[in-house]
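So the structure is just underneath, and the comments pick up after that.
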Amino acid sequence: MAQQDFAWHKKYNLKPLINVSGTMTGLGASIASTPIVNATAEAMSHFVSIHEAQALASTAIEHSTGAEAGFLTASASAGISLSIAACMTGVDPSRVEALPVDPGPCNEIVIQAGHLCGYGAPIEQAITLTGAKVKSVGQSTLCMDHQVKGGLTSSTAAGLFVVSHHTVHYGQCPLQRFIQLCHDSGVPVIVDAASEYDLRGFIEAGADIVVYSGHKFLGGPTSGIVAGKRDLVRAAYLQNIGIGRGMKIGKESIFGTIEALEEWEKRDHETIRAQENETLEHWLNAISGLPGVFTRVVPDPTGNPLERLQIEIDEAIFGANAIAVARSLSELEPAIIVRNHEVELGYFQLDPCNLKPGQAEIVREALQKVLSKPGYLKNSPEDLEIVRNGGVDAYLGWGL
């Protein structure tokens, strides 16, 4: 197998791994460039007014998104909660301090049933942490206009629209129609776009607040970006004297994320995508024609400009299921961590967007090693349970 330096992992007695799963928080989300690392580290040596730093962040966010204003918080999940709180309190400090016990009479958040997903935690919890109530409309696989309209009442604080691979991708009320229906009733719309490339389209579509992750595709330090209408952004920022205090962001992450936003504007996205597609082709050719192994390149389900290699395993031909293959890859050294959130359907995916130089070759060799010798792979009855419950089990097992 091709060699790679994993000295940092060995220094801390950590298992070396290669991430072909995607910008997953549980794997550290992304790798920062040297300028972003330097901007983050440099800030740690100085005192600064956080309000002034957040004003600089707002300027960067406005430039990148087209929003009227913006600020940074601990994560995209925090940004959702702060934005929802803003729609209930406005810029009234006494109302901010009253949350979550007293959210006021206008406290319902309308969300399509198909958008009630989990992203490592239930999105309902990001809503109810503020004291707001979840008002689910439609059914999980179908949400019609009249159902959205019927959910919008004088008690509605906001509509929440989730853009994620975790949501249902058919039968939903599309974004622009959802915005129109909400705005017709005087209701602001919050868009959860945590892991999206498009920094301008949601604002241009009419969203009042859009929430992004600063540490996924942007490659910045852990952070959440809140962008949108100035009055609502100010109200969301004010939550830092209330429920937002535990969601605060430090100076180092503010300046690192500003650098990430500026670097995103200068990034050669077309060249990077061409390199990623070349990697996919390299992997595909390496395992093409293996018995029971079928491959195809698939687009990102939310429309991000990237593709992934989908590897489908025919258990009857191959002799083991896709779960066993994914597990075997994760047991190598370095561990190859694949995108396995739908592995029970007989496939997993490889995402090329987080590779360091030389790692594509290691992944290619690992695929050939595991997929060309199916006889030693064995299905385990516990595998599916591990995949389904692994996120929780890892927390339960920590510290033991």
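Here are the numbers:
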| item | result |
| --- | --- |
| Exclusive hit being surrounded by fewer than 19 Cβ atoms within 10 Å (Cβ to Cβ), polar (S, T, N, Q) and over 21 Å from Gly120 (Cβ atoms), set Gln359, Gln368 | Gln368 |
| Selected residue (only one of Glu52, Glu97, Glu68 is of a type outside the set (Phe, Trp, Tyr), modelled with pLDDT of 95 or more, crowded, with 16+ Cβ neighbours inside 10 Å and more than 22 Å from the chain's Cα centre (by Cα)) | Glu68 |
| Residue identified as at pLDDT below 95, buried (at least 24 other Cβ atoms within 10 Å of the Cβ) and not charged (D, E, K, R) among Ala227, Ala194, Ala207, Ala236 | Ala194 |
| Count - residues of region 339-369 that are part of a strand (DSSP E or B) and either of a type in the set (Asp, Glu) or closer than 21 Å to Pro305 by Cβ (or both) | 3 |
| Condition broken by Phe294, with the remaining ones in (1) of a type in the set (A, V, I, L, M, F, W, C); (2) in a strand (DSSP E or B); (3) touching a Leu at 6+ places or on another chain (Cβ under 8 Å) satisfied | (3) |
| Output for region 157-184, where each listed residue is open to solvent by 10 Å² or more (accessible area, probe 1.4 Å) and closer than 28 Å to Arg95 by Cβ | Phe161, His183, Asp184 |
| Inter-residue pairs, beta-carbon under 7 Å, first closer than 15 Å to Ile225 by Cβ and in region 40-59, second basic (Lys, Arg), 6+ apart | Ala53/Lys251 |
| Residue check for Gly90: of a type outside the set (A, V, I, L, M), within 18 Å of Arg245 (Cα to Cα) and surrounded by fewer than 18 Cβ atoms within 10 Å (Cβ to Cβ) | yes |
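Results for (1) assigned to a helix (DSSP H, G or I); (2) under 25 Å from Leu72 (Cβ atoms); (3) open to solvent by 60 Å² or more (accessible area, probe 1.4 Å); (4) touching a Ser or Thr at 6+ places or on another chain (Cβ under 6 Å), shown as yes or no for each residue.
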position	(1), (2), (3), (4)
Gly256	yes, yes, no, yes
Gln275	yes, no, yes, no
Leu284	yes, no, no, yes
Thr302	no, yes, no, no
Ile311	no, no, no, yes
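The values are calculated or read from the model by the stated rules, or taken from the named source; none is laboratory data. As the structure is a prediction and not an experimental result, all values here were calculated from the model. Every residue, glycine among them, receives a Cβ derived from its backbone with ideal geometry; neighbour counts consider all protein chains shown. For accessibility, only protein heavy atoms count, side chains too; no ligands or nucleic acids. Shrake-Rupley method; radii C 1.70, N 1.55, O 1.52, S 1.80 Å.
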